[in-house]
Amino acid sequence: MKQKYFVLFVLALCVFITVISGCAKKTAPVLRIGTNAEYPPFESKEGDSYVGVDMDLARKIAEKLEMEFQIIDMDFDTLIPSLSSNKIDMAISAITITEERQRQVDFSEPYYVANQVIIKKQDSPLTLEKVEDLAKYKVGSQNGTTGQIYLTENFVDKNLMKKDALKKYPTNIEAITDLLNGNVDFVIIDDSAAQGYAKLKPIVTALKIETNESYGIAMPKGSPLNAKINAALKDLMDSGEVISIIQTHIK
Amino acid sequence: MLDSAIYILTNIPLLSKGIWIAVQITVLSMLLGMVIGIAVAFLRIYGKGPLKKAVSLYEWVFRGIPQLVLLFLVYFGLPEIGLNISPFLSVVIGLGLCSSAYQAQIFRGAILSIGSEQMEAGLSLGMGKVKTLFFVILPQAVRLSLPGFTNEFTIVLKDSPLAYAVGIAEILKYGRDLIVSEFRPFEIYLAAALIYFVLFEIFYYLFKFIASRYKVPGYIIAEG
Amino acid sequence: MPLVRIENITKSFGKHRVLDGVSFSIEAGAVKVIIGPSGTGKSTLLRCINMLAPPDSGKIWLNDVELTDKKTNLNLMRQKIGMVFQHFALFKHLRAIDNVALGLLRVKGLNRTDAYAVARKNLLKVGMQDHGDKYPAQLSGGQQQRIGIARALAMDPLLMLFDEPTSALDPELIGEVLMVMQNLAKDGMTMVCVTHEMGFAKSVANEIIFMEGGHILESAPPQVMFNNPQNERTRSFLHKIAELYGESL
């Protein structure tokens, strides 16, 4: 019969633990910042700390708002759902401002302009004269990115490229791994990210696509914090701090 | 080859930071699943009418939902009706509810194999249904369920990396962070697999030990 | 005043009517043996008496308390009726002595010392006092059944129901159980037994009840029943049994 009491005790313990872990210490309001820290040089983890352009920006914004902040690391395509369901107050993760996304979230002023590049393995003999040449090949892309959307809208939807020739991956890591393994011929990726990975692996740019995308901070639609965040960002841009942060990480 | 091995070994401590979370998630989900599973099993066997039907429906529903879907439903969907649940709790609920449906089956199978005469004997002594369930059926059912329960435990342990989907830092996530900065996915994933494997072995032997402590001569618990 | 009164009970399982208007009564100290072909509802009848299988219609009284009344506290009444099962139904996760003591601890609410003292006494009564520490799986069928009897006896019942207590036993183990039952009868316990053991019935029973098709066709003291059965069906059944068992009835 001792068994019963043990079981009851463990049950009580687990209820206790879950309740405790569920209750956040509700003292000062914390700025919950969402990101997908798998995207150097904008956001990544070194040991226990978050580093990168977006991470430095985020810290500065929190400073200006005089708020404690918490960085919540998650899958890229769960950032927007997290904003909509009030899990985070803002998302900064090299997110390109698009009409589609603007229907679901509010964006700050743009703070960075990026373009897409097509990368290939260093020793690959393949060449691309123009964008249209991509149609003959297998191209990898990260889920939810503007690169993937670009190829979908301009190639797959127009029947120039077969649906399964555009390969989809959870992050660029997998896309690039497959590139290096020869499972895809090219990968479409933001230029700044490509730069970061080129330092670690033998990849080179095969083609630049001038998409002139702007990164913005995504925020829940109509949230009262948005004006403050935007104001903070504007301050940082006006004072030149944004440029200097970018230059620290992107040479 | 040696270089890979060294890389793996030096990074195992870092990845191991996620072990405590993985264990917490697994244990709590299993406990939730167990409490609900036992209740569902009992009600399906001894319950009457609408309650029995409701419980059958529950089991049918949660057997069919993929954990990730349920997890997202709880974490992202519930806020729409005003319930904002933390990532950790969402994972425990998601994995726990899915596990409860399978655990209900395990317990039900165990109870049914005990036979109705045990209940009759308890009742004939004047013990009533509840006491008989508690003192006669449950102790036997728990012992008979042990192999199935152990199996389910390892399944939930191996599902715990789903927590990554709602931003919880566990073993796999720590691995991915390393991969992003050092880009050696094969070694890191191998290291993560090794850690999960060791965890699995530890729990397997723990359950085996528990089974041997509580075994009763005459109950053959299959080697599993 | 009879200890048990059964009035016109019926019981169906689905479409199959197992008991079709059965009535009889049991006086204190009587030993009744119920015989008849399989499936005639003998076991069901026993299970009606302690309400494990409540009848669809009809009434049952134990000492003037109507068991079939919804307001009756069945658990309380069941403590007064002991049941012994064909397949022993011992609690497999408990030792023999724990089996006997469980009801005393959890139903009668005795403390451990008293409960186990009573348990030991009852083990002695069935000759199993040296086997208290064994688990059911470590005991032979005959030993298990004796523990089953001790478990029922420990509750100090007014009435004992035996549902084919020896049918699942190897022939050489039947004797030890029948002996316990005979001693019980001699000590004046009220017993209702469903059994095929005609020798036991002849020597111990006050009355043999022959059932077929959900009815009591005939009931009489053993001398009458075995030597001069009135009913045609009874005669044919007894004849078959005699052939089977090679007994001279």
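Every read-out reported here was derived from the displayed coordinates using simple, explicitly stated rules and does not represent laboratory data. Since this is a predicted model, take the numbers as computed values, not measurements. Quick reminder, even Gly has a Cβ in these numbers, built from the backbone with ideal geometry, and neighbours come from all protein chains shown.
Rounded to the nearest 0.05, what FRET efficiency do C:MET179 and B:ALA39 give with R0 = 56 Å and r taken as the Cβ-Cβ distance? Could you check? Present the calculation step by step, with values, prior to reporting the outcome.
Numbers: r = 46 Å, r/R0 = 0.82.
It comes to 0.75.
Grab the alpha carbons of chain C, take their convex hull, and tell me the volume per residue in Å³.
Details: hull volume 32.4 nm³, N = 249.
It is 130 Å³ per residue.
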**Report entry** Whole-Å distance, taken between Cα centres, linking region B:82-155 and region C:170-249
**Finding:** 44
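Based on the Kirkwood radius over alpha-carbon pairs, what value in µm²/s does the Stokes-Einstein equation return for the translational diffusion coefficient of region C:1-142 at 10 °C and 1.306 mPa s? Display every interim value, and only then the final one.
Working: Rh = 17.2 Å.
In µm²/s, the coefficient is 92.
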Query - region A:121-184-region B:161-183 distance, computed between alpha-carbon centres (Å) - result: 25
Query raised in the report: Which residues' amide hydrogens lie under 5 Å from the amide hydrogen of A:LYS221, considering only partners 5 or more residues apart or on another chain, with H built in the peptide plane?
Result: A:ASP106
Query raised in the report: Between their Cα atoms, which of C:LYS71/C:LYS186; C:LYS70/C:LYS108; C:LYS92/C:LYS240; A:LYS45/A:LYS163 are more than 28 Å away from each other?
Result: C:LYS71/C:LYS186; C:LYS92/C:LYS240; A:LYS45/A:LYS163
Query raised in the report: ³J(HN,Hα) across region C:52-58 via Karplus (A = 6.51, B = -1.76, C = 1.60, θ = phi - 60°), whole Hz, x for Gly/Pro?
Result: 5, 10, x, x, 6, 8, x
Report summary line: the protein assembly as shown: spread of alpha-carbon positions along the three principal axes, whole Å, largest first, is 116, 54, 48
Query raised in the report: Straight-line reach from B:LYS17: which aspartates and glutamates have Cα under 19 Å away, leaving out those fewer than 8 places along the same chain?
Result: A:GLU38, A:GLU46, A:ASP48, A:ASP73, B:ASP159, B:GLU170, B:ASP177, B:GLU182, B:GLU187, B:GLU201
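If the viscosity is 1.002 mPa s and the temperature 20 °C, what translational diffusion coefficient in µm²/s does Stokes-Einstein give for region C:150-216 when Rh comes from Kirkwood over Cα pairs? Walk me through the intermediate numbers first.
Numbers: Rh = 12.9 Å.
Approximately 166 µm²/s, per Stokes-Einstein.
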Query raised in the report: Between C:GLU66 and C:SER38, how many nm apart are label points set 7 Å from Cα along the C-beta direction?
Result: 3.8
Report summary line: Most exposed first, judged by fewest Cβ atoms within 10 angstrom, C:GLU232, B:GLU187 run C:GLU232, B:GLU187
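Among DSSP beta bridges whose residues both lie in the protein assembly as shown, state the antiparallel percentage, nearest 5.
Values: 43 of 74 bridges.
Of the beta bridges lying entirely in the protein assembly as shown, close to 60 percent run antiparallel.
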Query - Cα-derived Rg over Rh, computed across chain B with Rh taken as Kirkwood radius - result: 1.06
Query raised in the report: Taking springs between alpha-carbon atoms closer than 10 angstrom, which of A:LYS45, A:LYS163, A:LYS120 fluctuates most in the Gaussian network model of chain A?
Result: A:LYS163
**Report entry** Exceeding the 30 Å Cα-Cα cut-off - candidates C:LYS32/C:LYS121; A:LYS121/A:LYS221; A:LYS158/A:LYS208; C:LYS11/C:LYS134
**Finding:** A:LYS121/A:LYS221; C:LYS11/C:LYS134
Report summary line: Interchain or sequence-distant (5+) residues whose placed amide H lies within less than 5 Å of the amide H of C:MET83 are C:LEU161
Query raised in the report: Taking the Cα atoms only, what angle lies between the long axis of helix A:53-65 and the longest principal axis of chain A, rounded to 10 degrees?
Result: 40
Report summary line: If one compares the long axis through the Cα atoms of helix C:96-106 with the longest principal axis of the Cα atoms of chain C, the angle in degrees, nearest 10, works out at 90
Query raised in the report: Each residue of region B:106-116 in order: what ³J(HN,Hα) in whole Hz does its phi give by Karplus 6.51 cos²θ - 1.76 cosθ + 1.60, θ = phi - 60°, with x for Gly and Pro?
Result: 4, 5, 4, x, 5, 5, 5, 6, 6, x, 6
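Return the percentage of antiparallel bridges among DSSP beta bridges fully within region A:115-213, rounded to the nearest 5 %.
Within region A:115-213, antiparallel bridges account for around 60 percent of the total.
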Report summary line: Relative to chain B, whose Cα atoms define the longest principal axis, helix B:49-64 and its Cα axis are tilted in degrees, nearest 10, by 20
Query raised in the report: Given chain C, what percent of its DSSP beta bridges are antiparallel, to the nearest 5?
Result: 55
Query raised in the report: When you count, for each residue, the other Cβ atoms within 10 Å and take the mean per peptide, how do A:180-188, A:227-235 rank with the highest first?
Result: A:180-188, A:227-235
Query raised in the report: Taking chain C as a Gaussian network, where each spring joins two C-alpha atoms under 10 Å apart, which residue of C:ARG106, C:ARG78, C:ARG120 fluctuates the most?
Result: C:ARG106
**Report entry** Which of C:GLU7, B:GLU182 has the fewest Cβ neighbours within 10 Å, and the rest in rising order
**Finding:** B:GLU182, C:GLU7
Query - Inter-label distance, nm, simple model (7 Å from Cα along the C-beta direction), A:LYS136/A:ASP77 - result: 3.0
Query - For A:ASP89, distant residues with modelled amide H under 5 Å away - result: A:ARG32, A:ILE33, A:GLY34
Requested in this report: May I ask you to list the aspartates and glutamates whose Cα is less than 16 Å away from that of B:LYS131, ignoring any residue fewer than eight positions away on the same chain?
Outcome: B:GLU117, B:GLU120, C:ASP98
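Once a ≥ b ≥ c are taken as the square roots of the eigenvalues of the Cα gyration tensor of region A:115-213, is the result rounded (a/c under 1.5), prolate (a/b larger than b/c) or oblate (a/b not larger than b/c)? Before the final figure, lay out the partial values.
Values: a/c = 1.36, a/b = 1.29, b/c = 1.05.
Rounded, because the longest to shortest axis ratio a/c is under 1.5.
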Query raised in the report: Taking neighbour counts of Cβ atoms within 10 Å as a proxy for exposure, in what order, fewest first, do A:HIS249, C:HIS239 appear?
Result: C:HIS239, A:HIS249
Report summary line: Going residue by residue through region A:129-146, the Karplus relation 6.51 cos²θ - 1.76 cosθ + 1.60 with θ = phi - 60° gives ³J(HN,Hα) values, rounded to whole Hz and with x marking Gly or Pro, of 7, 9, 3, 4, 4, 4, 4, 7, 10, 8, 10, x, 7, 8, 4, x, 8, 5
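Give me the one-decimal Kirkwood hydrodynamic radius in Å for region B:30-108, with the sum taken over alpha-carbon pairs.
Details: mean 1/r = 0.0780 Å⁻¹.
Averaging 1/r across every pair of different Cα atoms and inverting gives 12.8 Å.
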